[in-house]
There are 4 protein chains.
Amino acid sequence: MLTDVKQESLKRISYIEGHLSGIRRMVEEDKYCVDILKQTYAVRRAIEKLESLLLDGHLHTCVIEGIKDGREEQVLRELVELYSLNNK
Amino acid sequence: MLTDVKQESLKRISYIEGHLSGIRRMVEEDKYCVDILKQTYAVRRAIEKLESLLLDGHLHTCVIEGIKDGREEQVLRELVELYSLNNK
Amino acid sequence: MLTDVKQESLKRISYIEGHLSGIRRMVEEDKYCVDILKQTYAVRRAIEKLESLLLDGHLHTCVIEGIKDGREEQVLRELVELYSLNNK
Amino acid sequence: MLTDVKQESLKRISYIEGHLSGIRRMVEEDKYCVDILKQTYAVRRAIEKLESLLLDGHLHTCVIEGIKDGREEQVLRELVELYSLNNK
């Protein structure tokens, strides 16, 4: 993994972990469910941003190398699979 | 919040936190991005299940009470808003 | 169904049908796939807006009536089911 | 666009158009909103399958050519953009 993608990913994971701790506290303190749900949506959005970052890194390393090395079937099949899984 | 919804929610949040720690380790150990992305998808699915549980509890408490108390405009507006936000 | 929800829904369905015809033409004319995909995303967004409208109408009619008539278990179970299906 | 991707896409678009006509009739005939919503979800799923097909074709043509021709920055940036848009 590219060093800057890795550093940025770890930073984002820390942020998501903090956000999730906040949601745990909201549940423990019986906060209003609508407010808790808005926070869980925000966590999912943050995970999607992490995914975009990881995908970007993946495309610029493994996918390019795979295509140049003649393993294009494998790397492209994985991309289509990820796309479908993302919509599940 | 209903006691069983609260207990179940906290259990699910713990599970999600554990899953997220696993993803952190995968990033730190430079695992294959495609495998990491499949795990972040699984975390989002787990958060959506937590949301269904919270929504179920919310409907059976605040929404029913709100409608019986004549505050239906507010509780229904919030539900439509949550629905739209969920698709953002 | 409320008359204005029905009229507005039919208007939106017409719009979506027109949008889809445009996508058909793009495919027939071999337009760039990335541009076609941006249009299919837009159609999905338009369908989600139609869904919010239908849900809003449903909440203000069947759900309120169901709760006042003591059929709350059924109407709330359907809402939770719709929420889960929406994320599938 | 590859001929088989094009033929299969047009077939799927016809299917989606038929499905949408069915939804229009359901609205016109005041069918139960929950049943209508389940159909709009099915249409969105069908559009997502069309997207997977189009993406698969795009990856195997334009993306591979782009990478081999040294236009990798452009084709990869578009893929990341599509991924982000898909989650909007």
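Does D:G57 fit the bill of being more than 7 Å from chain C (Cβ to nearest Cβ), of a type outside the set (S, T, N, Q) and in a helix (DSSP H, G or I)?
No; evaluated as a whole, the condition is false for this residue.
Quick one: would you say A:C33 is crowded, with 16+ Cβ neighbours inside 10 Å, over 27 Å from C:N86 (Cα atoms) and of a type outside the set (V, I, T)?
Answer is no for this residue.
State which residue pairs qualify: first residue without any contact (Cβ under 8 Å) to a residue 40 or more places away in the chain and inside segment C:1-17, second residue of a type in the set (G, A, S) in any location, beta carbons under 6 Å apart, and separation of 6 or more residues or different chains.
These pairs meet every condition: C:I16/C:A46.
Give the residues of segment A:31-45 that are within 8 Å of chain B (Cβ to nearest Cβ), of a type in the set (D, E, K, R) and out of contact with any helix residue (DSSP H, G or I) (no Cβ under 6 Å at 6 or more places or on another chain), sorted by residue number.
Hits for segment A:31-45 are A:K38, A:R45.
Considering only segment B:5-14, I want to know if a residue exists there that is under 28 Å from C:L55 (Cα atoms), facing another protein chain (nearest Cβ under 7 Å) and surrounded by 14 or more Cβ atoms within 10 Å (Cβ to Cβ).
The answer is yes, given that some residue of segment B:5-14 is under 28 Å from C:L55 (Cα atoms), facing another protein chain (nearest Cβ under 7 Å) and surrounded by 14 or more Cβ atoms within 10 Å (Cβ to Cβ).
Looking for whichever is exposed (fewer than 15 other Cβ atoms within 10 Å of the Cβ), of a type outside the set (S, T, N, Q), free of Cβ contacts under 8 Å to residues at least 60 places away in the same chain and facing chain A (nearest Cβ under 10 Å) here; the options are B:E78, B:E65, B:E48, B:E28. Which one fits?
Of B:E78, B:E65, B:E48, B:E28, the one residue that is exposed (fewer than 15 other Cβ atoms within 10 Å of the Cβ), of a type outside the set (S, T, N, Q), free of Cβ contacts under 8 Å to residues at least 60 places away in the same chain and facing chain A (nearest Cβ under 10 Å) is B:E28.
Of all residues in segment D:1-43, which are outside any helix (DSSP H, G or I), modelled with pLDDT of 95 or more and not charged (D, E, K, R)?
If the condition is that a residue be outside any helix (DSSP H, G or I), modelled with pLDDT of 95 or more and not charged (D, E, K, R), then D:Y32 is the only one that fits.
Taking the condition aromatic (F, W, Y) and either surrounded by fewer than 15 Cβ atoms within 10 Å (Cβ to Cβ) or modelled with pLDDT of 95 or more (or both), does B:Y83 pass?
no
The values are calculated or read from the model by the stated rules, or taken from the named source; none is laboratory data. Predicted model only: the values in this text are computed from it and were never measured. Backbone-built Cβ (ideal geometry, glycine too); neighbour counts: all protein chains shown.
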